[in-house]
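The values are calculated or read from the model by the stated rules, or taken from the named source; none is laboratory data. Since the structure is predicted, the reported quantities are computational estimates derived from the model, not experimental observations. Reconstructed Cβ throughout: ideal geometry from the backbone, glycine too, with neighbour counts over all protein chains shown. When the accessible area is computed, the model is the full protein with side chains, heavy atoms only, and any ligands, DNA or RNA have been set aside. Shrake-Rupley method; radii C 1.70, N 1.55, O 1.52, S 1.80 Å.
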Amino acid sequence: FAGTEEATICAGETYAFNGDDLTDSGTYTAELVAENGCDSTVTLTLTVLPTFASAEEATICAGETYVFNGDDLTDSGTYTAELIAENGCDSTVTLILTVLPDVLTTVSAQICSGETYAFAGQTLAQPGVYSAILSGQNGCDSTVTLTLAVITVDVAVTLQTNTLTAAATNAAYQWIDCDTNLPIAGAVDASFTPAVTGNYAVQVTQNGCTDQSVCTE
């Protein structure tokens, strides 16, 4: 009697044939004793199907999730899953997941009173702390916090007898003839005593900003 058989296993499995555990593809022959007492030759064609291993990389932003093998992943790391390939054997998939951080940026700025500051599509004129969510260079959200200072120049002026005195300290001064709107040569001190009756103001430069007082007669 002579017979043939075919079998298929996955890599890593074994197939028992004639007392042996086979692990490799090939053709195997065994001489057996049939029920009638005569020799029987059995030929086995064994096919070992390969298993598959693959790797993939993915990137998400902080706060997002990545679905892998039914799990919602939120942390950077290496993850492995055992799946069934099309040939029916195990397939090992390795995922390298990178979670990009949100970018937090702090910005300080100052403007002079009366000026404006452009920030994230807004035109700001008041001091305060402002935040905006922008798109960062890594493609994820970037939170920018702005601390805006508005510098106000002290332009108060007092008149005592015939002398005008600017209230500002640690500043630069330039007295102006309001009737001509021209600076008065040499009048660069905090106090100014006009030689003639008229209307006068002072331009004060303080902390990098310049402003002018009202005219005083």
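Sub-9 Å Cβ pairs linking a first residue in segment 132-157 that is under 29 Å from residue 190 (Cα atoms) to a second residue that is of a type in the set (D, E, K, R), at least 6 apart or interchain, are 150/115; 152/211; 153/211; 154/211; 155/211, ordered by first then second residue. Checking each residue in segment 70-123 for being polar (S, T, N, Q), assigned to a loop (DSSP other than H, G, I, E, B) and free of Cβ contacts under 8 Å to residues at least 12 places away in the same chain picks out only 116. Inside segment 142-170, residues that are over 30 Å from residue 200 (Cβ atoms) and surrounded by 15 or more Cβ atoms within 10 Å (Cβ to Cβ) make up a count of 4.
One residue stands out among those in segment 56-94 that are of a type in the set (A, V, I, L, M, F, W, C), touching a Ser or Thr at 6+ places or on another chain (Cβ under 7 Å) and open to solvent by less than 60 Å² (accessible area, probe 1.4 Å): the one that is farthest from residue 141 (Cα to Cα), which is 89.
Taking the conditions (1) open to solvent by less than 60 Å² (accessible area, probe 1.4 Å); (2) under 15 Å from residue 206 (Cα atoms); (3) in a loop (DSSP other than H, G, I, E, B); (4) not aliphatic (A, V, I, L, M) in turn, residue 173 satisfies each one other than (3). I'm trying to understand the selection: among the residues of segment 193-207, which are part of a strand (DSSP E or B) and open to solvent by 30 Å² or more (accessible area, probe 1.4 Å)? Matches in segment 193-207: 203, 205.
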